[in-house]
Amino acid sequence: MLSKNTMKKIIPMVLALIITIAASAIAYHSITAAEESRCRAILSDSAETVSKEIKLRFEDNVNILKLVSDVILHEDNLENYDSIAENINKFQPLTVFSRIDVLYPDNTILFQDGSMQETDSCYFEEAVKKGEHMSRRTADLHTGNEVMYYYIPIGNSSEPSAVLIGVVDCISLKNYFSPNIYNGQAVSCIIDSSDGNFVMDHLHDELGNIKTMSQRKQLKGFEDINMTDDVLNSRTGLTAFGSKTNGKNSYVYYMPIGIYNWELLIIVQEDIAFASLFQMKRIMIIIGAVEAVILVLYFLWNLYTLRQAAKSKEETAVQLDRAETLIQCVSELSSNSNTDKAINNLLKIINGYFKADRTYIFEINEKCHIAVNTYECVAEGVTEEINNLQQVPVSFVQNWIDNFKEKGFYIISNIEDEKSAGRMDIYDLLKAQNIQTLVTVPLERDGEVIGFMGVDNPNHKYEDSSLLSSLRFFVSNSLAAKERQERLRMLSYNDMLTGLYNRNKYIKTVESYTENVLENIGVAYLDLNGLKRTNDQFGHEAGDRLIKNASSEISAVFPNSCYRVGGDEFVIISMDTEKDVFENMIDELKTHSRENRISISVGAMWSDKCDDLKKLLKAADKLMYDDKKKYYENTPYDKRHSYTG
């Protein structure tokens, strides 16, 4: 049986252990919840990017169809079928349309191949009555395939001479829109909200209707979401289903595209959309398990030592004090999500435990062969040295590192011992800081020393390295967790292809300046011309090279000020820049782009005092579209710039 005195000492340890576990659980939940929200935001942003690309590309194709209508009208002879077919055959390969036909007032159709066919007596009248529009999915008159028709009256809108019909083959449509998100592991579908029919489907071999998807079993937490009703009413939402085929869960994000009552569906497997979340959970569970095992083992070890009657009260008190300090330190590291704050608090606890002048952490930069003082806590009246210890040559502490590998710690009982051993570099460095004694332990990762933690001039529990030795694993683990968090933060704010800031960073930047009045700010919207033609002619690798080369030109002129917000769209936000300087930089960008055969439509705005950044960006966006319009006007037949790298 344990004595009452022993029980009194154990209870605080048990409570501290419970608090540590509870705090770790809370931290685990908070961190994973934040990461899950970030993954969902990435899915939403990806869907918005794909939606915008589909909308822009269809608008481009409709403009080409209107150009064909103008060319036919200028022929001034709608009975010259050979000439009309020849003009159509010039433009059709540049579009998403599988065929372009002409409907005449007598309800006959001239097909692109030159053949003619009579239709229903009211076909022309109905087409004229509806004006320019996109039909619902239907069976093609000529081939029987599932298609959609885009109608454009030729000539006077009230009494057109004929109607131009762009035929969209629904089966082939997925060949034109293959979103490169989640490394190509996500699929997309387009649904007509008017009737629920699929008009593009990467998921199924045959075109169906959204109503059939209501039969799928939704995952827990999504049972109340009616995706079919949402899609038919052009709403935005997120749901998830379980798959009977592969046993994996799939997430579906849906949103209106903004044209023809179309709704976009992005479908991605859970293990892909939330890959970083699952990886983080696995790592945190492993860390938590290791921490729990170590804490339990340490608790049991302390229990064993307490039961040894031969131990003196003083020694027992020292061990208990060390254990309580250890648990306090581990609890600080486990419960505080801010790693820097947690480590600084830990150093403060250690400094108080030793009643030392200074407690610190150095991290070794192998590439530069230096040791960097990254954290420091000093007692009252002691001078901070952290700013003076940013580039300590590793050679100064090489003897410490050798002792770390041999003994697991390094203690200087008297600084004069370093002088006697001929280690003058470290002697002079320590002497300048009024250090007479110190205790240090290594910080390791994968068996390699990555830094060290030390205490200068300890006045209490001198030469007791066991507390530092027990803590070094937790500190090393916290530093590694901080590196992972910084890498994740970098990935969430940087575009993987170009290295520029991504849409997430752009949105955060704009929102952060919502309430501010900005002075001398220049913004610009940029759209890369010819990307589709490059992709079609030379492949997506060539298209990626074009995007990267364009981004290099932009970042060379505007470093740290540019964002890739879409497939071929970029935004520049240049702070504290005079008007003439900003305009010269824009001109420089245009010049360099032309010299490197990169065509970019640009819209730029500058303001000496801006209280609405979104409004200024919107004005720049409009100027960019005006510039793009001029580009199309000066580049007939859609002869876009192509680039192969």
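The values are calculated or read from the model by the stated rules, or taken from the named source; none is laboratory data. The structure presented is a predicted model; accordingly, all values stated were derived computationally and were not measured. Positions of Cβ are backbone-derived with ideal geometry, glycine not excepted, and every protein chain shown enters the neighbour counts. Accessible surface is based on the protein model in full, side chains and every heavy atom, while ligands, DNA and RNA are left aside. Shrake-Rupley method; radii C 1.70, N 1.55, O 1.52, S 1.80 Å.
Hey, if you put +1 on the Cβ of every Lys and Arg and -1 on every Asp and Glu Cβ in the chain, which of GLY566, LEU73, ILE10 ends up farthest toward the positive end of that dipole?
Working it through, the farthest residue towards the positive pole turns out to be ILE10.
If r is the Cβ-Cβ distance from ASP70 to ARG597 and R0 is 30 Å, what FRET efficiency results, to the nearest 0.05?
The formula returns an efficiency of 0.55 here.
Would you mind checking which residues have amide H under 5 Å from ILE450's amide H? H placed 1.01 Å from N; only 5 or more apart, or other chain.
Answer set, sorted by chain and number: LEU443, GLU444, ARG445.
Could you give the length gained by full extension between GLU511 and LYS548, i.e. 0.36 nm per residue of separation minus their alpha carbon distance, to one decimal place?
Stretched out fully, the GLU511 to LYS548 stretch lengthens by 10.6 nm.
Give the lysines reachable from LYS8 as a straight Cα distance under 19 Å; neighbours fewer than 8 places away on the same chain don't count.
Filter leaves LYS311, LYS313.
When the scattering of the stretch 42-171 is computed by the Debye formula from its Cα atoms alone, each counted once and equally, what is log10 I(q)/I(0) at q = 0.22 Å⁻¹?
So the normalised log intensities work out to -1.43.
Could you order TRP606, TRP400 so the one with the most accessible surface comes first? Probe is 1.4 Å.
Largest to smallest exposure gives the sequence TRP606, TRP400.
Going down the list LYS129/LYS614; LYS590/LYS615; LYS505/LYS609, which pairs span over 30 Å between their C-alpha atoms?
Too far apart for the 30 Å limit: LYS129/LYS614.
Could you tell me which of the pairs LYS52/LYS174; LYS355/LYS419; LYS248/LYS482 are separated by over 20 angstrom between their Cα atoms in the structure shown?
From LYS52/LYS174; LYS355/LYS419; LYS248/LYS482, over 20 Å: LYS355/LYS419; LYS248/LYS482.
Helix by helix, which DSSP H runs in the chain go 27 Å or more along their axis at the Cα atoms and have an average Kyte-Doolittle hydropathy of 0.5 or more?
Span-like helices here: 275-306.
Using a 1.4 Å probe on the protein heavy atoms, what percent of the accessible area of the chain belongs to carbon and sulfur?
The C+S portion of the solvent-accessible surface of the chain is 49 percent.
Expressed as a whole percent, how much of the Cα-Cα distance distribution for the stretch 120-216 exceeds 17 Å?
Looking at the stretch 120-216, the distances longer than 17 Å represent 60 percent of pairs.
In debye, nearest 20: dipole of the chain around its Cα centre with unit charges on the Cβ of K, R (+) and D, E (-)?
Result for the chain is approximately 2800 debye, rounded to the nearest 20.
Of the listed values (1) 40.3; (2) 37.1; (3) 41.8, identify the label whose number matches mean projected area of the Cα convex hull in nm² calculated from this model.
Looking at mean projected area of the Cα convex hull in nm² for this model, the match is (1).
Treating only the Cβ atoms of Lys and Arg (+1) and Asp and Glu (-1) as charged, compute the dipole magnitude of the stretch 425-523 about its Cα centre; round to the nearest 20 debye.
380 debye
Rolling a 1.4 angstrom probe over the protein heavy atoms, how many square angstrom per residue are accessible across the chain?
I get 50 Å² per residue for the chain.
Hand me the trypsin sites (Lys or Arg not before Pro) from the stretch 366-423 located in a DSSP loop with no more than 16 other Cβ atoms within 10 Å, in residue order please.
Within the stretch 366-423, the qualifying trypsin sites (Lys or Arg not before Pro) (loop, at most 16 other Cβ atoms within 10 Å) are LYS367.
Considering the options GLY155, ILE191, SER413, tell which one lies farthest towards the positive end of the dipole of the chain, charges being +1 on Lys and Arg and -1 on Asp and Glu at the Cβ, about the Cα centre.
So the residue furthest toward the plus end is SER413.
Can you give the helix-only mean residue ellipticity at 222 nm for the chain, where every DSSP H stretch with n ≥ 4 adds -39500 (n - 2.57) and the sum goes over all residues, rounded to the nearest 500 deg cm²/dmol?
-15500 deg cm²/dmol
Within the chain, what is the longest stretch that has no GluC sites (Glu not before Pro) placed in a DSSP loop and near at most 16 other beta-carbon atoms within 10 Å?
By the stated rule (loop sites, at most 16 other Cβ atoms within 10 Å), 224-365.
Hey, can you grab everything whose amide H is under 5 Å from the amide H of ASN107? Only 5+ residues off in sequence or another chain; H modelled, so Pro and N-termini drop out.
The list, which skips near neighbours in sequence, is PHE124.
Mind giving me the FRET efficiency for ARG484 and GLU380? R0 is 35 Å, r the Cβ-Cβ distance, nearest 0.05 is fine.
Computed FRET efficiency for ARG484 and GLU380: 0.50.
Might you report the magnitude of the Cβ-based charge dipole of the stretch 468-559 about its Cα centre, with Lys and Arg at +1 and Asp and Glu at -1, to the nearest 20 debye?
Using Cβ point charges on Lys, Arg, Asp and Glu, the stretch 468-559 gives about 440 debye.
LYS341: which aspartates and glutamates have alpha carbons under 16 Å from its alpha carbon, excluding same-chain residues fewer than 8 sequence positions away?
Reachable aspartates and glutamates: GLU332, GLU376, GLU483, GLU486.
Give, in nm to one decimal, the length gained when the segment between GLU633 and ASN209 is fully stretched (0.36 nm per residue of separation minus the Cα-Cα distance).
Gain in length upon complete extension: 148.6 nm.
Please find the FRET efficiency linking LYS407 to ARG282, where r is the Cβ-Cβ separation and R0 is fixed at 35 Å, and quote it to the nearest 0.05.
Efficiency, rounded to the nearest 0.05: 0.55.
Quickly work out the SER337-to-ILE19 label distance, labels modelled 7 Å from Cα along the C-beta direction, and quote it in nm with one decimal.
It works out to 2.1 nm between the two label points.
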